[in-house]
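The values are calculated or read from the model by the stated rules, or taken from the named source; none is laboratory data. All values reported here derive from a predicted model rather than from experimental measurement. Here Cβ is always computed from backbone atoms with ideal geometry, including for glycine, and neighbour counts include all displayed protein chains. Accessible surface is based on the protein model in full, side chains and every heavy atom, while ligands, DNA and RNA are left aside. Shrake-Rupley method; radii C 1.70, N 1.55, O 1.52, S 1.80 Å.
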Amino acid sequence: MANPPDRDVPSSPAADDGMRLSGTDRVEGFSDAVFAIVITLLVLDLYDPHHGPGELVPGLAAAWPAYVAFLVSFVYVGVIWLNHHGLFRRIRRMDVGLLWINLAILFSAVIVPFPTAVLGDALGDEGNPHGQRVAVVLYALVAAVMSAPWWGVFTYLGDHPELLQPGVSPRYLQTQRIRPLTGLAMYVVCGIGGWFIGPAVGVVCIAVVILYHALTCEGLHEGPLGRLLGVAGRR
């Protein structure tokens with residue numbers, strides 16, 4: 001019986017101008033595993049509160065900052081995965097440069113549990129507003145830095161269209177390059193708001209930016225936000 005075709009078998013040098021290209025299956029599988037581990041690690045910051053007899057409910061209620069930080073970061077990692085999935089639906093082949101950029105995206109994802117733990121602990125310390133501001137700024141800055149590899153991947157694909165599936169337009173790549181830059185600017189605004197106005201403002205602002213990335217995970221014009229804007233424009 002003939003072996004089934006393998007997407008990860010390198011294409012011939014003649015077909016790919018001498019470049020060593022491979023399919024995306026292994027990269028997607030490895031990336032999904034990393035996202036799964038990261039999103040699972042977030043739950044480690046949820047703990048059984050110390051309590052005496054009859055004090056479990058108040059103890060659980062007092063741990064609300066950890067729940068908020070967990071929820072925000074769970075959705076955040078989920079949105080990163082959605083964006084990663086949307087990206088790889090349009091990628092046909094991988095080269096070494098794209099592999100390194102994908103590793104940078106995964107590196108930015110595995111950092112998320114750290115600012116999550118810091119944010120949860122700081123929000124639970126009501127007597128330390130300065131620490132709360134620092135925690136919100138840290139989370140916003142980490143999120144801003146995480147935008148860099150996403151700008152890099154769309155820039156790289158624009159310079160290497162042979163890696164893309166047929167039919168992916170240059171307009172898609174151009175608009176997708178805007179998203180990480182917009183996200184970076186918005187996260188900076190969130191950090192400033194969290195520092196000068198209040199931690200709650202910063203957390204809500206971060207949640208709004210995450211929602212923006214969720215609504216545009218298929219593209220500025222292809223996703224739900226683009227469809228909403230298109231409907232509003234026709235009215």
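Of all residues assigned to segment 2-23, none qualifies as being open to solvent by less than 20 Å² (accessible area, probe 1.4 Å), touching a His at 6+ places or on another chain (Cβ under 6 Å) and modelled with pLDDT under 95. Of the helices (runs of 4 or more DSSP H) lying entirely inside segment 123-199, those containing at least 3 residues that are closer than 28 Å to Ala61 by Cα are 129-145, 170-196.
When you look at Glu222, is it at pLDDT below 95, surrounded by fewer than 16 Cβ atoms within 10 Å (Cβ to Cβ) and more than 30 Å from Trp100 (Cα to Cα), yes or no? Taking the combined requirement at face value, the residue does not satisfy it.
Of the residues making up segment 157-181, those that are buried (at least 16 other Cβ atoms within 10 Å of the Cβ) and within 19 Å of Cys217 (Cβ to Cβ) are Leu157, Leu164, Val168, Tyr172, Leu173, Thr175, Gln176, Arg177, Arg179, Pro180.
Could you tell me which of the residues Ala185, Ala143, Ala148 is open to solvent by less than 30 Å² (accessible area, probe 1.4 Å), among the small types (Gly, Ala, Ser) and within 18 Å of the chain's Cα centre (by Cα)?
Ala143
Scanning segment 24-59 for residues that are among the polar types (S, T, N, Q) and either open to solvent by less than 70 Å² (accessible area, probe 1.4 Å) or in contact with an Asp or Glu (Cβ under 7 Å, 6 or more places away or on another chain) (or both), which turns out modelled with the lowest pLDDT? Once the filter is applied, the top-ranked residue is Thr24. Picking from Gly120, Gly86, Gly127, Gly97, which residue would you name as being out of contact with any helix residue (DSSP H, G or I) (no Cβ under 8 Å at 6 or more places or on another chain), open to solvent by less than 50 Å² (accessible area, probe 1.4 Å) and of a type outside the set (A, V, I, L, M)? Only one candidate passes the filter, namely Gly86.
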